[in-house]
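Every number here is computed from the coordinates shown, using simple stated rules; none is lab data. Please read all numbers here as calculations on a predicted model, not as lab measurements.
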């Protein structure tokens with residue numbers, strides 16, 4: 001993340017907390033919704049596999065990853 005900010009240069013103005021939790025978040029959610037709908041169409045046409053992977057850290061906290069695998073291009 002720091003590298004990405006550094007590329008923007010010294011005049012870069014970071015978004016405020018209100019912007020990040022407001023309209024910027026809303027835009028990102030909508031972008032993800034559009035991407036998800038495109039993926040769902042592929043899942044219907046080609047099928048998919050839902051996978052999970054998990055482990056426990058040294059403090060006995062569990063981390064689970066859920067993934068969807070879909071054949072295609």
Using alpha-carbon coordinates, inclination of helix 23-46 to the longest axis of the chain, degrees: 20 degrees
Percentage relative contact order, the chain, counting C-alpha pairs under 8 Å, at least six apart: 22 percent
Cα-based radius of gyration of the chain once divided by 2.2 N^0.38 Å, which approximates compact folds: 1.64
The chain - mean residue ellipticity at 222 nm from DSSP helices (-39,500 (n - 2.57) per run, n ≥ 4, rounded to 500): -15500 deg cm²/dmol
